[in-house]
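Taking it in order: structure first as structure tokens, then the write-up.
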Amino acid sequence: MKMAVQPVDHKHACDALIVPLFENEGVPVFVKPFDSQVSGQLANAFKEEEFTGKKGQVIVLRCDAAWKRLLAIGMGKKKELSSDRVRETAGIATLHLSRLKRKHVAWLLHPALANHAQAVAEGVELASYRFDKYRTSQEEKEGQLERVDVLVEKRDIARTDKAVRFGGALARVQNETRAVLNEPANQMTPMNVADIAGKMAKSHGLKCTVYGKSELQKMRMNALLSVSQGSVQPPVLVVLEHAGAGKPVIFVGKGITFDSGGISLKPSKDMDQMKFDKAGAIAVLGVLQASAELKIKQRVIGILALSENLPSGSASKPGDIITARNGKTIEILNTDAEGRLALADALAFASEMNPKAIVDLATLTGACVVALGDLAAGLMGTDDPLLTKLESAGRVSGERVWRLPLWPEYLEHVKSDVADVKNVGANGAAGTIAGASFLHAFVKEGIPWAHLDIAGVAWTTRDKPGLAKGGTGFGVRLLVELLRSG
Ligand code: BES
Ligand code: ZN
Ligand code: ZN
């Protein structure tokens, strides 16, 4: 899809003109001089209360102008305006028009949205993706917008253009992330992810190193190796590097391409959803791609810890004791708590790279879904300034995070009777924090570290406004905002 910023022009030809309107504010002056017919029609719609401007409300009017249709989209109350609201409503309008098979649309940007052009671009792009790659029948696919123009007053063109380009590129990377995430486990093994990472790195000028099973053995990555023991698919560790200034900021992602639970087998209901257990690693892949595309100044490293988790005669068993890369011993009490094992070695490895900070992303615990649902990721860590930055990046990007404590007392929960740590916490207590407490043992003392539990936000089983069901690509916008804001 092509997106372009152009000066407001009442002869601008397109299949549909989109006009965002606030609740009970009537037709803005910006529209009135634009075209008397449009403002008349809109004023009537308001008068007859067919349309009030309520959040997400849509009305489509036929027009006899350079555009054939006019779509008014309700923005809700003006005082509630946020980038989130803009992203969502832009998505709703986009979906509506693609269902009407419109190809070329134009946004008449309300002046109040001048600072939200990035979110408009993001909303449009994010709404344009759905996972229909494996549908062979054309009819079931929806129409696709081919061109979106954003019309603004002349003086706003330069900055709007910059924001639209940034938001568009970022959301396109997020969509690519969603596409990889939506692939099922038979199409996306650890090795397949490594191949995709290698190709992406090559086309974007990133350095990429892939460590296979025998290298991981030499590197004493026994925790990651133990997770893949039950599968015919070997584990892979991918390291991506974006050149830039300063000590590296390192992102570490849990990449379990399928989590059956292993010998501690999960119930079969909804087990298909565990193809999304690679979401952390795939988000890291997206952040590295975005860092290259958006020319982020900071040096960034991405580490993807990839494995399947399956039961078999060779699988690891409850009670097994292993030694991780940093020399600590782990008692595996539940083979379904595999993400923290895969991350343990990856975090220890990251700690050796003299980083500025480490942030890991993982669909780590069902407990996090219980605590926060699908509205926010759980945030824990050791460094208050880093956590505060992530909270503010969450507000700006609309990818919300919520802090949970990581008090020293919680570290007791993962102490083992027979080894240094065990991979489960106290029964039925603070499961998400127990996961973070375990990870804490593998991050070198003194390194600012944050852990994001994205179990509830990595995918959605319902279509959200402007976001089709499936993988969400959560983390890409959040972490690019973290890097951008310095
Ligand atoms: N991948 C799961 C966590 C998960 C569950 C994510 C549901 C999204 C939805 C993880 O590997 C897991 O199974 N964790 C266990 C840990 C427990 C055994 C300590 C869990 O949350 O039950
Ligand atoms: Zn698991
Ligand atoms: Zn898992």
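The values are calculated or read from the model by the stated rules, or taken from the named source; none is laboratory data. Everything numeric here is computed off the predicted structure, so don't read it as measured data. Note that each Cβ is placed from the backbone with ideal geometry, even for glycine, and that neighbours are counted across all protein chains shown. Heads up: the accessible areas ignore ligands, DNA and RNA and are worked out on the full protein's heavy atoms, side chains in. Shrake-Rupley method; radii C 1.70, N 1.55, O 1.52, S 1.80 Å.
Points to keep in mind about this one:
- The single condition among (1) within 16 Å of ligand 3 (Cβ to nearest atom); (2) open to solvent by 10 Å² or more (accessible area, probe 1.4 Å) that residue 360 does not meet is (2).
- From 126, 70, 95, 113, residue being open to solvent by less than 40 Å² (accessible area, probe 1.4 Å) and assigned to a strand (DSSP E or B): 70
- Candidate set: the stretch 388-405, residues that are under 24 Å from residue 122 (Cα atoms) and part of a strand (DSSP E or B); chosen: the one least open to solvent (accessible area, probe 1.4 Å): 401
- Single residue of 408, 385 found to be more than 16 Å from ligand 3 (Cβ to nearest atom), over 26 Å from residue 170 (Cα atoms) and open to solvent by 10 Å² or more (accessible area, probe 1.4 Å): 408
- Restricting 434, 426, 450, 455 to residues that are farther than 20 Å from residue 299 by Cα and away from ligand 3 (no atom under 16 Å from the Cβ) narrows the list to 426.
- Within the stretch 344-387, the set of residues being under 20 Å from residue 273 (Cα atoms) and part of a helix (DSSP H, G or I) comprises 366, 367, 368, 369, 370, 371, 372.
A quick yes/no check of all residues on (1) in the same structural domain as residue 246 (by TED's automatic domain parsing); (2) surrounded by 21 or more Cβ atoms within 10 Å (Cβ to Cβ); (3) closer than 24 Å to residue 271 by Cα; (4) in contact (Cβ under 8 Å) with a residue 24 or more places away in the chain:
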site	(1), (2), (3), (4)
287	yes, yes, no, yes
300	yes, yes, no, yes
305	yes, yes, yes, yes
308	yes, yes, yes, yes
314	yes, no, yes, yes
328	yes, no, no, yes
333	yes, no, yes, yes
341	yes, yes, yes, yes
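- Residue pairs meeting the criteria (Cβ under 9 Å; at least 6 apart or on separate chains; first under 14 Å from residue 332 (Cα atoms) and open to solvent by less than 10 Å² (accessible area, probe 1.4 Å), in the stretch 256-268; second near ligand 1 (Cβ under 9 Å from one of its atoms) and hydroxyl-bearing (Ser, Thr, Tyr)): 261/335; 262/335
- Test for residue 263: is it farther than 18 Å from residue 189 by Cβ and part of a loop (DSSP other than H, G, I, E, B): yes
- Residue match in the stretch 410-424 (condition: assigned to a helix (DSSP H, G or I), away from ligand 2 (no atom under 16 Å from the Cβ), under 26 Å from residue 264 (Cβ atoms) and in contact with an Asp or Glu (Cβ under 8 Å, 6 or more places away or on another chain)): no
- Scan of the stretch 303-343 for residues that are in a strand (DSSP E or B), out of contact with any Ser or Thr (no Cβ under 8 Å at 6 or more places or on another chain) and within 19 Å of residue 437 (Cβ to Cβ), ordered by number: 305
- All of 346, 350, 324 fail the test of being within 16 Å of ligand 3 (Cβ to nearest atom), in contact (Cβ under 8 Å) with a residue 60 or more places away in the chain, of a type in the set (A, V, I, L, M, F, W, C) and assigned by TED's automatic domain parsing to the domain that holds residue 364, apart from 346.
- Test: residue in the stretch 8-21 that is assigned to a helix (DSSP H, G or I) and of a type in the set (Lys, Arg): no
- Candidate set from the stretch 133-185 (those that are within 15 Å of the chain's Cα centre (by Cα) and hydrophobic (A, V, I, L, M, F, W, C)); member that is surrounded by the fewest Cβ atoms within 10 Å (Cβ to Cβ): 179
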